[in-house]
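What follows is a single structure, written as C-alpha cells, with notes after it.
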Amino acid sequence: EGFEKQGQLLLLYFFCFLFDWTIWIARMAFVSGISFGNQRGAGCSSVCSRSTFLTGAVPATSRRRASPPSSVSHLRMQQTTTATTSHEFITCPGATGTHADCRIAKDRSKVLAQKGIDRPVIIGVAADSGCGKSTFLRRVTDIFGTKVSKSHTPQGDFMTVICLDDFHTHDRQGRKIAKVTALSPDANNFELMYQQVNALREGKAIMKPIYNHETGLIDPPELIEPNHVIVIEGLHPIYDDRVREILDYSIYLDVADEVKLSWKVQRDMSERGHSYDAILASIQSRIPDFKAYVDPQKEKANVVMNILPTQLVADDKDNKYLRVQLIQEEGIEGINNVFLYDEGSTIDWVPCGRKLTCPFPGIKFHYGPDTYAGKDVSMLEVDGNFAKLDELIYVESHLNNTGTKFYGEITQSLLRNPTAPGSNNGTGLFQVLLALKMREVYERVSGKIVAL
C-alpha cells in the first residue's frame, strides 16, 4: 500500500511538472512569436524586392547586439501593435550595406485614418551636439500639450521625434577605421534619409535604422508610423536639398564656440566623468567637419536661434550671462515673425525698473530689420538674465505675433519648467517662441487647431 501511494504521488508530481512545462512553452511561444515572424520575413527579404512584415517586425539578417533598454522598449511596441496592423514593405534607394533591411511601406498607413491625419507636418531642427536640442524639444511637447515615449525614437499620440544619427552608415568603430567623423556626409546615408522622410510625409510607414548611442552599434531597424507632427533633429536635417524642400519649417540652433565649450565641459565632466582635456580634444576634432557640413545649414534655415557671450560684461569667462538672438527670415508664406513694440522699427529697450527686476548686469532688448546670409531678416535679441520668471509677463505683453492662444501663455510655459537650462535668459524665452511658431505652422498646414 505504501508503494502504491508513493507511485500515485510520483504520478501526480509528474503531471504537475508536465503542466508547468506546457505553460512555460506556451508563454515563450507568445513572447517570441514576433521573432519567429521576423525570421520568415528575413528569408523573403533576402530574395525578394518586396516583403510583408507585421508591424514592428525586424529582418533577422540585420540583428546586432542592442542595449537592454532599447531592446525592451522595441519589444513592447511590437507586442502592442502587431495584433492590429500589418504593412507590405518595399525596398527603396539607399537601403544598402548596413541599412539593407530598411524599408518603406507600399501603401499609406491606416494610422492616418485612425488619427484623422491628412498629411504629416515635417519640421527640421538642426544643431551640433550639446546645443540644447533636448531641452528645446521638451518645451515643444509642452506647448503642443502632448507627451512622447522615452524609447530610442520618442513617439506619442501626436508627435514623433526622429534623431538623424540613425542614418549613420558606420558604427563607432567603423568611423575610426574609415577615419571619418559623424558630421561628414561620408558617414551618413542621405539617400535613405530622404526616401524615408518623404515616405512619412506621404503617410507611409517606414522601417527606420537605429544607431545605438550606448553601444556605438547599428541596431536592427524599427517601425515608425506617420504622425500629426514629425520632428527630424540632428546634425543634418537641412543639409540635403531634397530633405530641406519637404520640410514645412526649419530651425537652426547656433551656439558660439566659447559658450559651447563651457556647456560641454559642465555637462560631460559632471554627468559623464570626462576630463577637460578629453572634452577639448573631442570638440577640436569636430571643428573642420562642423564648419564644412553642419554650420552652413543655418544659411538655409527659416529661423536661427543664436547664443552668444554677453556684451553687458567685459570678461565673462564662465558665460554666466548670455546674449541670445532670434533671426527670422522675412517673406515666408504663412509665417508672421515675432516683433517688439512696432514691426519694422529699430528698437533698443532696457526694461529694468518697477515692473521687471534686473540684477547685475541688467537686461537689454534689441529688435529691428537686418540681413543674414544674404537674406532679409528681422532680429530679436535679449542680453542678460531674468531674476523672476513670473515678471516675464511684462516682457510678453510687449511682444507681438507670438502665436500664443491666451495672455501669459509664454510666461506660464517657462514657469512650468523653471529649472530647465536657459530658463532665466533669452534661451528659454526664444525656445518657447520657436515652439509656438511650430504650433502655428502645424495649424496652418493641417487646418486643425491644437486644443489647450
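The values are calculated or read from the model by the stated rules, or taken from the named source; none is laboratory data. Predicted, not measured: the structure shown is a model, and the values here were computed from it. Counting neighbours? That spans all protein chains shown, and the Cβs are built from the backbone with ideal geometry, glycine included. Calculation scope for accessible area: heavy atoms of the full protein, side chains included, ligands and nucleic acids excluded. Shrake-Rupley method; radii C 1.70, N 1.55, O 1.52, S 1.80 Å.
Between residue 151 and residue 178, the simple label model (points 7 Å from Cα in the Cβ direction) yields a spacing of 2.7 nm.
Of the peptides 159-168, 405-414, 186-195, the ranking by mean beta-carbon count within 10 Å, highest at the top, reads 159-168, 186-195, 405-414. Gyration tensor analysis over the Cα atoms of the stretch 312-383 returns equivalent ellipsoid semi-axes of 26, 16, 9 Å (largest first, whole Å). Rounded to the nearest angstrom and listed largest first, the equivalent-ellipsoid semi-axes of the stretch 89-246 from its Cα gyration tensor are 24, 19, 14. Overall, the stretch 302-444 carries a charge dipole of about 480 debye about its Cα centre when +1 sits on the Cβ of Lys and Arg and -1 on the Cβ of Asp and Glu, all other atoms neutral.
Counted over the stretch 89-246, the DSSP beta bridges are approximately 50% antiparallel.
Relative to the globular-protein estimate of 2.2 N^0.38 Å, the Cα radius of gyration of the stretch 180-270 stands at 1.27.
Computed on the stretch 302-444, with alpha-carbon pairs under 8 angstrom and 6+ residues apart, the relative contact order is 24 percent. May I ask which residue of 97, 136, 162 lies farthest towards the positive end of the charge dipole of the stretch 89-246, with charges of +1 (Lys, Arg) and -1 (Asp, Glu) on Cβ and the Cα centre as origin? The residue sitting most towards the positive pole is 136. Counting only heavy atoms of the protein chains and using a 1.4 Å probe, residue 308 has close to 30 Å² of accessible surface.
All Cα-Cα distances of the stretch 212-365, cut into 10 Å bins from zero to the largest, leave 8, 24, 32, 25, 9, 1 percent in each bin in turn. Of the GluC sites (Glu not before Pro) in the stretch 269-344, the ones in a loop by DSSP (not H, G, I, E or B) with at most 10 other beta carbons within 10 Å are 333.
Remark on residue 162: its backbone amide H falls under 5 Å from those of 231, 232, 233, a criterion applied only to residues 5 or more positions apart or on other chains, H modelled at 1.01 Å from N.
Annotation for the stretch 163-255: trypsin sites (Lys or Arg not before Pro) lying in DSSP loop with at most 11 further Cβ atoms inside 10 Å of their Cβ are 179. Computed over the stretch 302-444, the range of Cα coordinates on each principal axis works out to 41, 34, 26 Å, biggest value leading.
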